[in-house]
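The values are calculated or read from the model by the stated rules, or taken from the named source; none is laboratory data. What you see is a predicted model, and the numbers here were worked out from it, not measured in a lab. Heads up, the Cβs are rebuilt from the backbone with ideal geometry, glycines too, and the neighbour counts pull from every protein chain shown.
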Amino acid sequence: MNKLLHDDFTDLPIKPDFSGSALVMRQDDILFDNQQGYANRAERIENRTSTRFGIASGCKLFTAIAVCQLIEQGKLAFTSTLRECLAIDFPRFDPDVTVEQLLTHTSGIPDYFDESVMDDFEELWRQRPMYHIRQLRDFLPMFQHEPMRQERGVFQYNNAGYILLGLIVEQASGLMFSDYIERFVFKPADMTDSGYFSLDALPANTALGYIDNADGSWRTNHYSIPVKGGADGGAFVTAQDMAKLWSALLAHRLLGEEMTSRLLTPHVKVNDKGAHYGYGLWIQLGAKRHVFKYHVMGYDPGVSFHSAYYPATEIVSVVCSNESDGAFDLMKAIEMKVGEG
């Protein structure tokens, strides 16, 4: 199913083997809408606009929004430390790690999956069965007693930091993390088809994630990722719901204007190519130091996801794929078109 609804996108290159859903919008105007491939290969069920896709780390933004909401309510502060806001023992951590440092990946704490030295997420679950990972606390034994990885203040992408933020949300709100997000992020954003679903209890219209092998065979990712996602990744969304998230955030329906601005501020420099990090999202600066895009992305075995907001054109793009590397090339092609606008 391929709807090319705007002249700028009529020649957008889409690989024949792309499996997923892609959407480009400018406010309420749909510029490009494409679904391709199978949500379920064995049953030959096609991907549709209503199909939900896993987005891996793409949902760190949801966690950041939740934390900022609780700060607006006075239940937390950016300067709150681990020892102040979590009743959990971290014997080898710097006790003065702050909420803001967790948000910006500058806490220096150890990570349960260090993406700078590890490239096979599946390896984690060979000694620790993934079906035991159903709550945020289930991640703690993987890093709780490890030493600090580095001093505070230096950027190093960190999944464990967002696990801690999710635990902080639970303690401050009195709700399970996924319940909080569904009630205070998804509901006000009208993300009616999104949620944190267990792999062994997926609802209808949910794409299975697929891992393709070199010999042409394939398997699902059900034994390759945690059985239920949490604060560092693993929610399921439709492409339309992700576009609604951007709309709600930018219209201040999730956070007040001041807090939204702070979430979207480039808090830490990531590299010399203009990449920065805000709270839960990446920020790419252009040549003149203006913001070219705010974006989120996620990669797991059987999952690839990109979504961005381009302030100069007010365009939102979303690419969800139920394959390990299906989103990157299409997102790059879309971005070339957006750049021309």
Original post:
Regarding ALA87, is this residue within 27 Å of VAL227 (Cβ to Cβ), hydrophobic (A, V, I, L, M, F, W, C) and modelled with pLDDT of 95 or more?
Top reply: no
**OP:** Those residues that are more than 13 Å from the chain's Cα centre (by Cα) and part of a strand (DSSP E or B), I need them from the stretch 194-248; list them, please.
**Re:** SER198, THR206, TYR210, ILE211, ASP212, TRP218, ARG219, THR220, LYS228
Subject >> Members of the stretch 60-87 found to be in a loop (DSSP other than H, G, I, E, B), surrounded by fewer than 15 Cβ atoms within 10 Å (Cβ to Cβ) and either in contact (Cβ under 8 Å) with a residue 60 or more places away in the chain or acidic (Asp, Glu) (or both), listed by number >> reply: ALA87
Original post:
Restricting to the stretch 7-59, what's the tally of residues that are at pLDDT 95 or above, among the acidic types (Asp, Glu) and part of a loop (DSSP other than H, G, I, E, B)?
Top reply: 1
Original post:
LEU208 fails exactly one of the following numbered conditions: (1) at pLDDT 95 or above; (2) touching a Pro at 6+ places or on another chain (Cβ under 9 Å). What is the number of that condition?
Top reply: (2)
**OP:** Only residues in the stretch 317-341 that are without any contact (Cβ under 8 Å) to a residue 24 or more places away in the chain count as the first member; pair them with residues that are part of a helix (DSSP H, G or I), Cβ under 7 angstrom, at least 6 apart or cross-chain, and list the lot.
**Re:** none
Original post:
Can you spot a residue in the stretch 131-139 that is touching a Ser or Thr at 6+ places or on another chain (Cβ under 9 Å), touching a residue at least 24 places away in the same chain (Cβ under 8 Å), under 16 Å from GLY234 (Cβ atoms) and of a type in the set (Lys, Arg)?
Top reply: yes
Subject >> Residue check for THR49: closer than 15 Å to ASN322 by Cβ and not small (Gly, Ala, Ser) >> reply: yes
Subject >> First in the stretch 46-57 and among the aromatic types (Phe, Trp, Tyr), second anywhere and outside any helix (DSSP H, G or I), Cβ under 6 Å, 6 or more apart >> reply: PHE53/ALA207; PHE53/CYS320; PHE53/ASN322
**OP:** May I ask you to list the residues in the stretch 276-291 that are within 17 Å of GLY339 (Cα to Cα) and either free of Cβ contacts under 8 Å to residues at least 12 places away in the same chain or surrounded by fewer than 20 Cβ atoms within 10 Å (Cβ to Cβ) (or both)?
**Re:** GLN284, LEU285, GLY286, ALA287, LYS288, ARG289, HIS290, VAL291
Original post:
When only residues in the stretch 320-341 that are within 16 Å of the chain's Cα centre (by Cα) and either farther than 16 Å from TYR210 by Cβ or surrounded by fewer than 20 Cβ atoms within 10 Å (Cβ to Cβ) (or both) count, which is modelled with the lowest pLDDT?
Top reply: ASP325
Original post:
Looking at the stretch 92-133, which of the residues that are closer than 20 Å to SER80 by Cβ and acidic (Asp, Glu) is modelled with the highest pLDDT?
Top reply: GLU100
**OP:** Run SER307 past the list (1) exposed (fewer than 15 other Cβ atoms within 10 Å of the Cβ); (2) touching a helix residue (DSSP H, G or I) at 6+ places or on another chain (Cβ under 9 Å) and report the number of the one that doesn't hold.
**Re:** (1)
**OP:** Report, by residue number, each residue of the stretch 228-245 that is of a type in the set (Lys, Arg) and at pLDDT 95 or above.
**Re:** LYS244
Subject >> Cβ-Cβ under 9 Å pairs, at least 6 apart or on other chains, the stretch 150-164 side closer than 15 Å to ALA56 by Cβ and in contact (Cβ under 8 Å) with a residue 12 or more places away in the chain, far side assigned to a helix (DSSP H, G or I) and among the β-branched types (Val, Ile, Thr) >> reply: TYR162/THR63
**OP:** Would you confirm whether any residue within the stretch 141-162 is among the hydrophobic types (A, V, I, L, M, F, W, C), modelled with pLDDT under 95 and in a helix (DSSP H, G or I)?
**Re:** yes
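Results for (1) in contact with an Asp or Glu (Cβ under 8 Å, 6 or more places away or on another chain); (2) buried (at least 19 other Cβ atoms within 10 Å of the Cβ); (3) over 30 Å from ASP138 (Cβ atoms); (4) not basic (Lys, Arg), shown as yes or no for each residue.
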{"residue": "PRO203", "(1), (2), (3), (4)": "no, no, no, yes"}
{"residue": "TYR210", "(1), (2), (3), (4)": "yes, yes, no, yes"}
{"residue": "ASP241", "(1), (2), (3), (4)": "yes, yes, no, yes"}
{"residue": "ARG262", "(1), (2), (3), (4)": "no, no, yes, no"}
Subject >> Unmet requirement for SER21, which otherwise passes all of (1) touching a residue at least 60 places away in the same chain (Cβ under 8 Å); (2) out of contact with any helix residue (DSSP H, G or I) (no Cβ under 8 Å at 6 or more places or on another chain) >> reply: (2)
Original post:
Of the residues ILE181, ILE225, which single one is among the hydrophobic types (A, V, I, L, M, F, W, C), surrounded by 23 or more Cβ atoms within 10 Å (Cβ to Cβ) and at pLDDT 95 or above?
Top reply: ILE181
